[in-house]
Amino acid sequence: MRTVLVSMPFMDVDRPSIQLGLLKAIAGQQGFDVRTLHANLDFAAQLGVELYRKLSEHRGRLIGDWLFSLEAFGDEAPDVEGALLADHDFGYLGDDADQLLRRIRDVEVPLFLDSLLEALPWKEVQVVGFSCTFQQSVASFAFARRLKERYPEIVTVFGGANFDGEMGRELARSIDCIDHAVVSEGDTAFPALLRKLAEGNELGKVSSQPLMTRMADLPAPDYDEYFERSRRLGVFPDDLWIPFESARGCWWGAKHHCTFCGLNGTTMQFRSKPAERVVAELAGQAARYQTSRFEAVDNIIDMAYLKDLFPALIDAGTDYELFYEVKANLSRAQLELLAKGGVRVLQPGLESLSSNVLRLMDKGVRAAQNVNLLRWAQYYGIQVEWNILWGFPGETAQDYADQASVVPELVHLRPPSSAARIWMERFSPLFSSPGRRSPESSYRHVYPAGVDLGKVAYFFEYDLPGALPDSAYDELRKSVDEWKTAWTGDRLPTLRYWSSPGQVEIYDSRRPGREGTYTFQKALADIYLACSDRPTTASAVGRSLELPVEAVREALAGFAERGLMFLDEDLAVALAVPAE
């Protein structure tokens, strides 16, 4: 079965599709003739990479899907006049955003689709598969429609996160250009489908297979076509991180699903590759693609890797640069190990500086642990990517007033990328909670009337009982903006300490024009250092130093008044980072 797997806009242009790369490798192992087509690269080359990036990063409103709606649905497209452009603000694209978006939809998209029809000898192809995540679905429908019109014998297969569960079944029912939809993981379903086609067996409209549990059996993804195509088109990224997969699902979510998280959907079960398999895959990909930067697509790191994978990478003397998502309760020693093993960027899911809000999220961490992770990650040279979220039922205005007041004391640590209200995502616990919800409004500007938006939407508009008004977050939003601004200057704010027996010196440059050094001696120095390694309680400090608990509490309060200590209910953690 001659098969082509296609990645349409608006897949990220700066990295290959692990979905395509993995399915190509799996099918190849089983003897199928499969090639990939990163068609998103062609559109990026056509529009210009910077404009393409802006469009692909904007997931909250379905502008990417809207751009392809006319070509996907023809006379059934619901928004020929462009009402979406009036309903939403696209000023991030410039002053002439409306005119630009209309030109892309009416001129650039048809040219792009026409060019794809000439990109490959499609008359020799029997199966075309589309991987759809975020805003790839409608572009995929548009191209599938063109293919079916010219080559009606081609079998189209759709899958990916946008086809998980109910979403895939409704899309398969309502979109004519879909011959077959895989509504689960494709590792076993896709080659099984190709085998049925090769044997001439009938296919149902929808298929699913049990989850892949033997992760060690998966081959390394094949990214050859991405590298060749991106270089030929002149869009090869300067900052390329190769996607790799060492685990699937979420071991925390299987026990305590974070209330706002819609990731994993029907595939929450946690599974991981043996450490030796990961070591071998990284080595093979590094040699094959001449790179040392790798981005784990795992939703959460396997904690067993702290005992086997990272020590093995250290022992092997590798110089990889790695990205991983982690839970925020990592210790100083664990962060040091990750840094030595090559981790340069972490996404720890901090989400809040309030323990009360974190409990409402079911995060399983305290605010003091979040702050401590920021401290030690910075000390060990690990960049932390994180956001502050709000909008949870049960939160209070005081939760956000407290966060706003403490932000000025944290400006020496890496700021969040954003601070905003949560999105309502399908599969999240909040999606099933009481309150009003309806598909995000841009869906009705994209899909024809025959599609049940309640079944295909991933993002929803909502009202949750007990949620605060937007004004409750104004001060925190302002504080975060100032925090981010402080990190754009030539000299970053610092708070660092030097220690010697019986003395601690803390240099503070967090506030321009008010730089200075604090010196603490004897018991005060010992108390500060006792709170540096990890969050601890006054009682624990008192026991370890043989000091009265009340004296310790008084000292902690004094440090906090100076902005040198983060107090979180019964926990305290020093804010200064070691200078040496």
May I ask you to list the lysines whose Cα is less than 28 Å away from that of K123, ignoring any residue fewer than eight positions away on the same chain?
K24, K148, K196, K205
Loop-located GluC sites (Glu not before Pro) in the range 319-425, at most 16 other Cβ atoms within 10 Å (DSSP)
E385
The range 56-205: relative contact order as a whole-number percent, Cα under 8 Å and 6+ apart:
21 percent
Using 7 Å Cα-to-Cβ label points, what is the S174/D89 separation (nm, one decimal)?
3.0 nm
How about the range 140-225: which GluC sites (Glu not before Pro) there lie in a loop by DSSP and see at most 12 other Cβ atoms within 10 Å?
E153, E199, E202
Any chance you could list the semi-axes, whole Å, largest first, of the equivalent ellipsoid that the Cα gyration tensor gives for the range 495-578, using √(5λ)?
21, 14, 10
Run the simple label-point estimate for Q269 and K255 please: 7 Å along Cα→C-beta, distance reported in nm.
1.9 nm
When the chain is fully extended, how far beyond the present Cα-Cα distance does D452 get from Q126, taking 0.36 nm per residue of separation?
114.3 nm
HN-Hα J in Hz across the range 517-524 - Karplus 6.51, -1.76, 1.60, θ = phi - 60°, x for Gly and Pro
10, 9, 10, 10, 10, 6, 4, 4
Once label points are set 7 Å from the Cα along Cα→Cβ at both A192 and R514, what is their separation, rounded to one decimal in nm?
6.4 nm
Fewest Cβ neighbours within 10 Å first, please rank E505, E57 accordingly.
E57, E505
Suppose the chain between A280 and L240 were pulled fully straight at 0.36 nm per residue; how much longer would it get relative to their current alpha carbon spacing?
12.4 nm
Contact order normalised by residue count of the range 246-485, Cα under 8 Å, 6+ apart, percent:
19 percent
What are the ³J(HN,Hα) values, in whole Hz, obtained from phi via the Karplus relation 6.51 cos²θ - 1.76 cosθ + 1.60 with θ = phi - 60°, for each residue of the range 337-351 in sequence order, with x given for Gly and Pro?
4, 4, 5, 5, x, x, 5, 10, 9, 10, 10, x, x, 5, 6
Mind checking the range 282-318 for trypsin sites (Lys or Arg not before Pro) that DSSP puts in a loop (not H, G, I, E or B) and that have at most 12 other Cβ atoms within 10 Å?
K307
In deg cm²/dmol and to the nearest 500, what is the mean residue ellipticity at 222 nm of the chain if only DSSP H runs of at least 4 residues count, each as -39500 (n - 2.57), divided by the residue total?
-11000 deg cm²/dmol
Taking a point 7 angstrom from the Cα of N201 along the C-beta vector, which residues in the range 149-188 have backbone N less than 15 Å away?
188
Rel. contact order, % - alpha carbon contacts under 8 angstrom, at least six apart, the chain
12 percent
Net lengthening on full extension, R232/L492 (0.36 nm per residue, minus Cα-Cα)
89.6 nm
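Read-outs throughout are calculated quantities, based only on the coordinates presented, and are distinct from any laboratory measurement. As the structure is a prediction and not an experimental result, all values here were calculated from the model. Please note: Cβ atoms are built from the backbone with ideal geometry, for glycine as well, and neighbour counts cover all protein chains shown.
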